[in-house]
Amino acid sequence: MEKTNPTVNHETFRRKTVEKCLRILSPLDDDSRFVLENSVNGIDHSTTHVMYKLVPPQLELVDGRKYEFLIEFDRDDIEWSIYYGCRGLFPDMDEDEALPLFDEEFEAQRQFILKDLRMIGLDVDDDSFEITNNTSNHTYWPFWLKMTGNLQSTVSAVIAIRTSYENYLLYKGLITEDKRTYPDEYEILLSLVDEQSRVKISEFIDNMLLEGLFEKVSYRNEWKLKSDTNTDFAVLWRDSLCYKVIEKRDGKKEVVDLIHPNKNIADNKWFPKKHFAMWEMPRRFFYDSNGKPMHGLAKTYNQWKQKEMEPKSPGIKRVAKKTRKE
């Protein structure tokens, strides 16, 4: 039997793997959100690495450190195939000073990023995060993950990671507002409703905080209910936010139900559409007293509404016994 050359076989496998990875990443060439920039700290790595960086390529911090959010492939290390994540650069800082800062910033966001990636549909857990220390060239990956989904989900993951970092670093005063390029999910959902509704949502949250019914739980736009029941919140959310006043052609004003824009509020069909932004937001940004997302608010509201519409029982009147006159 003719013996095969293992070296030749490995090189053929490596070449095919490289071609496959380049083919997977090729749509990013036409994606304006990314730029192909195969350099690190001014040193070109085009012969070994393919780096698609989210635009702008670097996020500069006030202390001189920088972050890159990217999808990368190493031609010489095909074991990991395509990976993505967050790379820190510290060209003018000692590693003993820079690395603890990178680690602290990631740990403050770890669970939020994990939640974001799972919401995208990626099967990840705490063990999915890898770390790479390249301090010889003043770079450090506080975390990266192997690409397990398709390219679109990976793109969404990188954007979600950068969004989280921008919000956190802005909250900590490590970047200025002009450096922030991606709105968070809360702002994206806000953009789905009209200006009047956006104002009402902001006022609602301020009032809930003022009344002590909610507390903000993180640097992100997330709030936790202090009460043990979700019913009050469901009713307040519906009654405070789901109506708006419109002016008709004849000049008359009418109150319209945002959940059912084609129905008058006098209509008894109150069941809200779950995909509507107004009912999507609580599930994503509000938590009950146990720290769990506000699921089932539509059901909670409807149960309350049904109970309110039930006819009240007149009850049994108690009549005092009359005493017989002697």
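Read-outs: derived from the displayed coordinates by stated rules, not from any lab. None of these values were measured; they are calculated from a predicted model. Note that each Cβ is placed from the backbone with ideal geometry, even for glycine, and that neighbours are counted across all protein chains shown.
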Subset of LYS172/LYS226; LYS16/LYS179; LYS115/LYS224; LYS66/LYS200; LYS224/LYS307; LYS179/LYS226 violating a 28 Å alpha-carbon distance limit: LYS16/LYS179; LYS66/LYS200; LYS179/LYS226
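Can you give the FRET efficiency to the nearest 0.05 for THR17 and LEU209, using r as the Cβ-Cβ distance and R₀ = 35 Å?
Numbers: r = 53 Å, r/R0 = 1.51.
Efficiency, from the Cβ-Cβ distance: 0.10.
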As straight-line cross-link partners of LYS292, the qualifying aspartates and glutamates (C-alpha separation under 16 Å, not fewer than 8 residues apart within one chain) are ASP116, GLU215, GLU222, ASP228, GLU280
Can you give the net charge of the other residues whose Cβ lies under 13 Å from the Cβ of LEU174, counting K and R as +1 and D and E as -1? -1
Once a ≥ b ≥ c are taken as the square roots of the eigenvalues of the Cα gyration tensor of the stretch 1-135, is the result rounded (a/c under 1.5), prolate (a/b larger than b/c) or oblate (a/b not larger than b/c)? prolate
So, R0 is 56 Å and r is the distance between the beta-carbons of GLU187 and GLU79; what FRET efficiency does that work out to, to 0.05? 0.90
By the C-alpha gyration tensor axes a ≥ b ≥ c (rounded if a/c is under 1.5, else prolate when a/b exceeds b/c, else oblate), the shape of the stretch 11-57 is oblate
In whole Hz, what ³J(HN,Hα) sequence does the stretch 59-73 give by Karplus (6.51, -1.76, 1.60; θ = phi - 60°), x for Gly and Pro? 10, 8, 9, 5, 8, x, 6, 9, 10, 10, 10, 8, 10, 9, 9
